[in-house]
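Student: Shown below is the structure under consideration.
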Amino acid sequence: MSDANRIIVFDTTLRDGEQAPGFSMDVPTKLRMAHALDALGVDVIEAGFPIASPADSEAVQEIAAGVRRPVIAALARTRRADIEEAGRALAPAERPRIHTFLATSDLHLAAKLRMSREECLEAAVEAVKLARRFTDDVEFSAEDATRSDRGFLCRLIEAVIREGCTTINLPDTVGYATPDEMREFFVEIMSRVPSSGRAVFSAHCHNDLGLAVANSLAAIQGGVRQVECAMNGIGERAGNASLEELVMALRIRQDRLPYHTGIKSEALFQTSQLLSEATGEPVQCNKAIVGRNAFAHEAGIHQDGVLKDARTYEIMRPEDVGQSVSSRLVLGRHSGRHAVHARCQALGFTLAPDEVDQVYRAVITLGEHRKAIADGDLRRIVDRVRTPPAPPSGATTAHVEAVGYGHGV
Ligand code: KIV
Ligand code: ZN
């Protein structure tokens with residue numbers, strides 16, 4: 001596939017993700033995560049916002065010194081002190097990027113920054129000029145770009161590209177855009193900015209309406225070649241576009257999305273787990289790609305289908321994202337006979353047809369009281385079926401089954 005379709009994965013887990021409530025990490029943890037993101041194959045690691053705190057600055061320095069392959073980015077407002085601190089923190093980096101940002105929407109300019117459009121444009125140009133003294137790799141983000149006046153945005157983008165800015169990021173800061181709008185937005189902006197060919201355009205989508213991944217994919221269709229995203233979709237408020245969802249959507253739907261990334265998808269699950277352990281925040285069980293239910297089937301019809309041909313209910317293989325294959329058939333009260341039998345076989349039991357029936361009925365009974373039947377439960381059920389307790393005088397076989405495999409197993 002042509003390099004024109006290569007998507008740069010800019011990971012902001014350690015900056016936008018880490019600044020969300022509940023996700024803060026200390027310096028050694030951030031460094032461990034950065035190594036994991038490097039192993040995963042991300043192109044850019046946004047390591048922090050150095051002016052925000054001494055610990056943020058230290059984390060950027062440690063990552064810059066220890067993680068050599070990816071570009072290491074540091075965030076900075078357009079203020080001199082921010083850019084100089086970012087430049088200092090990035091000094092040990094092999095491939096440093098200063099990522100400077102300023103809001104461009106009239107709402108942010110008037111209500112938050114109390115700045116005119118002209119002052120905004122001048123501050124952006126000056127910031128890029130200053131950042132260029134530290135590195136040739138400068139990214140400018142127009143915060144709240146999707147709610148900004150497009151004519152003004154184009155003028156500002158042209159001006160910062162002329163100062164040598166090489167990446168233009170247009171965030172949907174408040175997750176307000178829709179996919180069709182996002183695609184059309186990038187097509188329009190790129191066609192109206194005379195020097196757009198001299199920079200990589202980038203999308204940074206928030207998930208307030210649950211559209212961050214869809215919007216990022218639409219932005220790619222509109223011409224962007226960098227997407228900003230975070231592992232497990234963490235980030236401000238409802239989060240950023242989820243890295244694992246974006247990457248797998250591009251991989252699985254090549255027919256509609258003929259783009260590629262450098263991500264080693266088999267490392268997605270372990271990276272997701274590492275982040276969850278590092279922050280103490282669990283991954284939602286039904287989270288696409290990395291949730292523990294993402295490849296789990298309990299309904300009998302689905303289990304039967306998966307056992308016959310996994311493609312009936314799975315659009316990708318669990319091992320392709322690093323999830324375990326063995327955990328996917330969950331036994332519970334919705335399970336089918338086929339799955340119960342298959343699990344018994346996997347545990348090494350060869351059962352006669354009447355034993356399968358008895359084990360199956362016991363699983364359904366136990367499933368009334370348990371969310372899931374573990375392998376240990378199943379082993380005990382098989383043992384009991386094979387060595388039934390002597391019935392108390394006067395009891396029926398049905399009674400023995402109910403007592404034996406009900407609550408007590
Ligand atoms: O959401 C946003 O606009 C940001 C910028 C700082 C890139 O995080
Ligand atoms: Zn953001």
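Student: Evaluate the following for residue 15: is it of a type in the set (Lys, Arg) and either assigned to a loop (DSSP other than H, G, I, E, B) or within 14 Å of ligand 1 (Cβ to nearest atom) (or both)?
Tutor: Taking the combined requirement at face value, the residue satisfies it.
Student: Do the conditions hold for residue 288, that is, is it under 30 Å from residue 204 (Cα atoms), within 16 Å of ligand 2 (Cβ to nearest atom) and open to solvent by 40 Å² or more (accessible area, probe 1.4 Å)? Give the derivation first.
Tutor: Numbers: under 30 Å from residue 204 (Cα atoms): yes; within 16 Å of ligand 2 (Cβ to nearest atom): no; open to solvent by 40 Å² or more (accessible area, probe 1.4 Å): yes.
Judged against the criteria, residue 288 is not a match.
Student: For segment 155-168, name all the residues that are open to solvent by 10 Å² or more (accessible area, probe 1.4 Å) and closer than 13 Å to residue 199 by Cα. Outline the logic, then answer.
Tutor: Filtering segment 155-168 down to residues open to solvent by 10 Å² or more (accessible area, probe 1.4 Å) leaves 155, 158-159, 162-164, 166.
Listed by number, the residues that qualify are 158, 159, 162, 163, 164, 166.
Student: Could you check segment 86-106 and list, in sequence order, the residues that are over 26 Å from the mean Cα position of the chain (by Cα), under 21 Å from residue 159 (Cβ atoms) and open to solvent by 30 Å² or more (accessible area, probe 1.4 Å)?
Tutor: Once the filter is applied, which keeps residues that are over 26 Å from the mean Cα position of the chain (by Cα), under 21 Å from residue 159 (Cβ atoms) and open to solvent by 30 Å² or more (accessible area, probe 1.4 Å), segment 86-106 yields only 106.
Student: Continuing with this model, one more query. Checking the conditions here, which among 57, 105 is of a type in the set (Ser, Thr, Tyr), touching a residue at least 24 places away in the same chain (Cβ under 8 Å) and more than 14 Å from ligand 1 (Cβ to nearest atom)? Working first, answer last.
Tutor: Numbers: 105 fails: more than 14 Å from ligand 1 (Cβ to nearest atom).
Going through 57, 105 in turn, just one is of a type in the set (Ser, Thr, Tyr), touching a residue at least 24 places away in the same chain (Cβ under 8 Å) and more than 14 Å from ligand 1 (Cβ to nearest atom): 57.
Student: Please go through segment 18-28 and pick out each residue that is assigned to a loop (DSSP other than H, G, I, E, B), open to solvent by less than 40 Å² (accessible area, probe 1.4 Å) and away from ligand 2 (no atom under 16 Å from the Cβ).
Tutor: Selection gives 25 alone.
Student: To continue, here is another question. If I filter segment 33-45 for residues that are outside any helix (DSSP H, G or I), of a type in the set (D, E, K, R) and touching a Cys at 6+ places or on another chain (Cβ under 7 Å), do I get at least one hit? Let's see the steps before the verdict.
Tutor: Going through segment 33-45, the residues outside any helix (DSSP H, G or I) turn out to be 41-45.
Among the residues that remain, those that are also of a type in the set (D, E, K, R) are: 43.
Next, only the ones that are touching a Cys at 6+ places or on another chain (Cβ under 7 Å) stay: none.
There is no residue in segment 33-45 that is outside any helix (DSSP H, G or I), of a type in the set (D, E, K, R) and touching a Cys at 6+ places or on another chain (Cβ under 7 Å).
Student: Restricting attention to segment 252-276, and to residues there that are touching a residue at least 40 places away in the same chain (Cβ under 8 Å), surrounded by fewer than 19 Cβ atoms within 10 Å (Cβ to Cβ) and within 28 Å of residue 4 (Cβ to Cβ), which single residue is farthest from ligand 1 (Cβ to nearest atom)?
Tutor: 266
Student: Same structure, new question: Test residue 83 against the criterion of being within 14 Å of residue 45 (Cβ to Cβ) and buried (at least 21 other Cβ atoms within 10 Å of the Cβ), and give yes or no. Reasoning before the result, please.
Tutor: On the way: within 14 Å of residue 45 (Cβ to Cβ): no; buried (at least 21 other Cβ atoms within 10 Å of the Cβ): yes.
So residue 83 does not fit the description; no.
Student: Please verify whether residue 358 is open to solvent by less than 30 Å² (accessible area, probe 1.4 Å), of a type in the set (S, T, N, Q), over 27 Å from the mean Cα position of the chain (by Cα) and over 30 Å from residue 226 (Cα atoms), treating the condition exactly as stated.
Tutor: Details: open to solvent by less than 30 Å² (accessible area, probe 1.4 Å): no; of a type in the set (S, T, N, Q): yes; over 27 Å from the mean Cα position of the chain (by Cα): yes; over 30 Å from residue 226 (Cα atoms): yes.
No.
Student: Could you check, for segment 141-148, whether at least one of its residues is over 28 Å from the mean Cα position of the chain (by Cα), within 16 Å of ligand 1 (Cβ to nearest atom) and buried (at least 16 other Cβ atoms within 10 Å of the Cβ)?
Tutor: So in segment 141-148, the residues over 28 Å from the mean Cα position of the chain (by Cα) come out as none.
No, every residue in segment 141-148 fails to be over 28 Å from the mean Cα position of the chain (by Cα), within 16 Å of ligand 1 (Cβ to nearest atom) and buried (at least 16 other Cβ atoms within 10 Å of the Cβ).
Student: While we're looking at this one, here's another question. For residues that are within 18 Å of the chain's Cα centre (by Cα), more than 12 Å from ligand 1 (Cβ to nearest atom) and touching a residue at least 40 places away in the same chain (Cβ under 8 Å), tally how many sit in segment 197-213.
Tutor: 0
Student: Here's another thing I want to ask about it. Give all pairs with beta carbons closer than 7 Å in which a residue from segment 10-30 that is assigned by TED's automatic domain parsing to the domain that holds residue 50 meets a residue that is hydroxyl-bearing (Ser, Thr, Tyr) and within 15 Å of ligand 1 (Cβ to nearest atom); count only pairs at least 6 apart in sequence or on separate chains.
Tutor: Sorted first by the residue in segment 10-30, then by its partner, the pairs are 10/202.
For (1) surrounded by 22 or more Cβ atoms within 10 Å (Cβ to Cβ); (2) outside the structural domain of residue 137 (by TED's automatic domain parsing); (3) within 13 Å of the chain's Cα centre (by Cα), each residue gets a yes or a no:
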residue	(1), (2), (3)
195	no, no, no
215	yes, no, no
225	no, no, no
233	yes, no, yes
244	yes, no, yes
247	yes, no, yes
284	no, yes, yes
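Student: With respect to residue 189, determine if the residue is of a type in the set (Val, Ile, Thr), open to solvent by less than 10 Å² (accessible area, probe 1.4 Å), more than 15 Å from ligand 1 (Cβ to nearest atom) and assigned by TED's automatic domain parsing to the domain that holds residue 121. Show your work before the answer.
Tutor: On the way: of a type in the set (Val, Ile, Thr): yes; open to solvent by less than 10 Å² (accessible area, probe 1.4 Å): yes; more than 15 Å from ligand 1 (Cβ to nearest atom): yes; assigned by TED's automatic domain parsing to the domain that holds residue 121: yes.
Yes; evaluated as a whole, the condition is true for this residue.
Student: Moving on to the next point. Take residues that are in contact with a Cys (Cβ under 8 Å, 6 or more places away or on another chain) and either within 21 Å of residue 17 (Cα to Cα) or basic (Lys, Arg) (or both) and tell me which of the helices (runs of 4 or more DSSP H) falling wholly in segment 239-327 contain 2 or more. Can you show your working first?
Tutor: Details: elements: 243-252, 268-279, 300-308.
Helices (runs of 4 or more DSSP H) meeting the threshold: 243-252.
The values are calculated or read from the model by the stated rules, or taken from the named source; none is laboratory data. Being a predicted model, the structure only gives us computed values, none of them experimental. In this analysis, Cβ positions are derived from the backbone assuming ideal geometry, glycine residues included, and neighbour counts consider all displayed protein chains. Side chains included, ligands, DNA and RNA excluded: accessible areas come from the protein's heavy atoms. Shrake-Rupley method; radii C 1.70, N 1.55, O 1.52, S 1.80 Å.
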